[in-house]
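Here is the structure we will look at.
The values are calculated or read from the model by the stated rules, or taken from the named source; none is laboratory data. No experiment lies behind these values; they were computed from the predicted model shown. Note that we place each Cβ from the backbone using ideal geometry, even for glycine, and neighbour counts take in every protein chain shown. The area values use the complete protein model at the heavy-atom level, side chains included, leaving out ligands, DNA and RNA. Shrake-Rupley method; radii C 1.70, N 1.55, O 1.52, S 1.80 Å.
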Amino acid sequence: IAAGNATITATTQDGNKTATSQITVNRLVVTPSLLLINPGFEDGLSSGWTSDWGSNTLITNQIKNSGLNGLEIGSQSGGRAQRITAGFTAGNQYTLSAWARLSSAGSVGNIGVLCKNSSGAQLGNFYGSPITNFDAFLNKSVTFTVPAGTTSIEVYAYYDGSSSGKLYVDDFTL
């Protein structure tokens, strides 16, 4: 069935009576399941993104990929993470992606995933290719398989602080 308008006519078995009805079929839009809370930082840092690595992160409404806000990580090494404890399955493959850019050349950033067990021991650290672009937001991603024994996943953005630049990230999906 395709989207659009249609006429449905029903006729009784003996053919003596008919009924007609006009219907509209709408296109179904399926949004991928998001395991993340506040993936575009529209609600600031207190909603979802509560793990702070280095205390140099803030919300910016000046440099973002879309919406009202984005995340700025700047001038020192550090980052932000979100801990997820439900909705994923060990052995399944997932893709994390985000839109990212740097403020200047010579800096390096990354997005990634830490998989941990119930004791907090790291079972896997998966990260994408380094973020080195500074003239425009590019979509960066990493595909990973959740290791057996994983009880939490930490999705993160990290800036290495190698120069006085900043990392900007926005619009995560998992």
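Can you go through ILE111, ILE84, ILE153, ILE131 and tell me which one is more than 17 Å from THR60 (Cα to Cα) and free of Cβ contacts under 8 Å to residues at least 40 places away in the same chain?
ILE131
Can you tell me how many residues within region 65-82 are touching a Ser or Thr at 6+ places or on another chain (Cβ under 9 Å), in a loop (DSSP other than H, G, I, E, B) and either open to solvent by less than 30 Å² (accessible area, probe 1.4 Å) or of a type in the set (Ser, Thr, Tyr) (or both)? Please lay out each step first, then the result.
Within region 65-82, the subset touching a Ser or Thr at 6+ places or on another chain (Cβ under 9 Å) is 69-82.
Keeping just the survivors that are in a loop (DSSP other than H, G, I, E, B) gives 69, 75-77.
Still in the list and also either open to solvent by less than 30 Å² (accessible area, probe 1.4 Å) or of a type in the set (Ser, Thr, Tyr) (or both): 69, 75, 77.
Final tally of qualifying residues: 3.
Residues in region 8-46 that are among the β-branched types (Val, Ile, Thr), modelled with pLDDT under 85 and in contact with a strand residue (DSSP E or B) (Cβ under 8 Å, 6 or more places away or on another chain): how many? Let's see the steps before the verdict.
Step one: of region 8-46, the residues among the β-branched types (Val, Ile, Thr) are 8-9, 11-12, 18, 20, 23-25, 29-31, 37.
Still in the running and modelled with pLDDT under 85: 8, 23-25, 29-31.
Checking the rest, the ones that are also in contact with a strand residue (DSSP E or B) (Cβ under 8 Å, 6 or more places away or on another chain) come to 8, 23-25.
Selection size over region 8-46: 4.
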